[in-house]
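Asker: Got a structure for you, written out below as structure tokens; questions coming shortly.
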Amino acid sequence: MGIISSGFHGRRTRDDSGLPPGQHRTADFPVLSAGPTPKIARQDWEFRIVTETGATHRWDWEGFLGLPQEDVRADIHCVTSWSKLGTSWRGVALDTLFDQVGTTAGFTLAHSYGGYSTNVPLADLLGGKAWIVHQYNGEDLRPEHGGPARLLVPHLYFWKSAKWVRGLELTRHDVPGFWESNGYHMYGDPWREERYG
Ligand SMILES: Nc1nc2c(c(=O)[nH]1)N[C@H]1C(S)=C(S)[C@@H](COP(=O)(O)O)O[C@H]1N2
Ligand SMILES: [Mo]
């Protein structure tokens, strides 16, 4: 072999193939929070979907755990450039939560305990694409990673996966959330590198 051995191409070339552009793999699980970790007792936890007409659907912790649970394996991609492949989660599909919800709105704004928000089109939450998860790797989701429960929308950059999620507001128009109001892309497809707006 000549000077350019496979090693010369570097770890990135080999390990990072198959990832969205500009991403590299990480084995650990970084914590990225814009503020302090809110403390939410499970007996006080509530998840709400509020439609564009104001109709409100609520689940308490017990009701949420009583819904059909799904095990999810997914790759996650943070806009700061790390990707983590094959992560394992357990929770409730948004399809299940939307079963009883009547809406003609096209967009949602996810709201978190602590004040964070992020916008996701409704179509990106349905069709087996998103979950409210409460377990990671078979254990209760740790508070710093969004416990008791977080949104998981793995096909979009991970800032869309709101930690400590407390509800979804249905909106007729696409309303920017926290990072989207601070320059991040309104949609956030990692495969198209939609990092900034
Ligand atoms: N409530 C809330 N959710 C959030 C964030 C946040 O600051 N607050 N950060 C987002 C960003 S930028 C990323 S990359 C992921 C990080 O999740 P992790 O800390 O579990 O890795 O959470 C997203 N969800
Ligand atoms: Mo992020």
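Computed from the coordinates by the stated procedures, all read-outs in this text should not be read as laboratory data. Bear in mind the structure is a predicted one, so any value in this text is a computation, not a measurement. We place every Cβ from the backbone using ideal geometry, glycine too, and count neighbours over all the protein chains shown.
Asker: Among 40-50, 159-169, 132-142, how do they line up from the highest to the lowest mean number of other beta-carbon atoms within 10 Å?
Answerer: So the peptides 40-50, 159-169, 132-142, ranked by packing, come out 159-169, 132-142, 40-50.
Asker: When the dipole is taken about the Cα centre of the stretch 66-191, and only Lys, Arg (+1) and Asp, Glu (-1) are charged at their Cβ, what size is it in debye, to the nearest 20?
Answerer: 180
Asker: Work out how much length GLU144 to ASP174 would gain on full extension: take 0.36 nm times their residue separation and subtract the Cα-Cα distance, in nm to one decimal.
Answerer: Length gained between GLU144 and ASP174: 8.0 nm.
Asker: Using label points projected 7 Å from each Cα along Cα→Cβ, tell me how many nm separate ALA55 and ARG25, to one decimal.
Answerer: Each label point lies 7 Å from its Cα, and together they span 4.6 nm.
Asker: If you don't mind, another one. Sort 65-72, 174-181 for me by packing, meaning the mean count of neighbouring Cβ atoms within 10 Å per residue, highest on top.
Answerer: Output ranking for 65-72, 174-181: 174-181, 65-72.
Asker: Looking at the P(r) of the chain, how many percent of alpha-carbon pairs lie beyond 23 Å?
Answerer: In whole percent, the long-distance tail amounts to 44.
Asker: Taking Cα centroids, how far is the stretch 54-98 from the stretch 139-192 in Å?
Answerer: Here the answer is 11 Å between Cα centres.
Asker: Oh, and also: Tally Lys and Arg at +1 and Asp and Glu at -1 over the other residues with C-beta under 15 Å from the C-beta of PHE98: what net charge comes out?
Answerer: -3
Asker: Shape call for the stretch 72-185 from the C-alpha gyration tensor, a ≥ b ≥ c root eigenvalues: rounded (a/c under 1.5), prolate (a/b greater than b/c) or oblate?
Answerer: oblate
Asker: How big, in percent, is the set of alpha carbon pairs in the stretch 119-172 lying more than 18 Å apart?
Answerer: Roughly 30 percent, rounded to a whole number.
Asker: So, counting K/R as plus one and D/E as minus one, what does the shell of residues with Cβ under 13 Å around THR118 add up to?
Answerer: Around THR118, the surrounding residues sum to 0.
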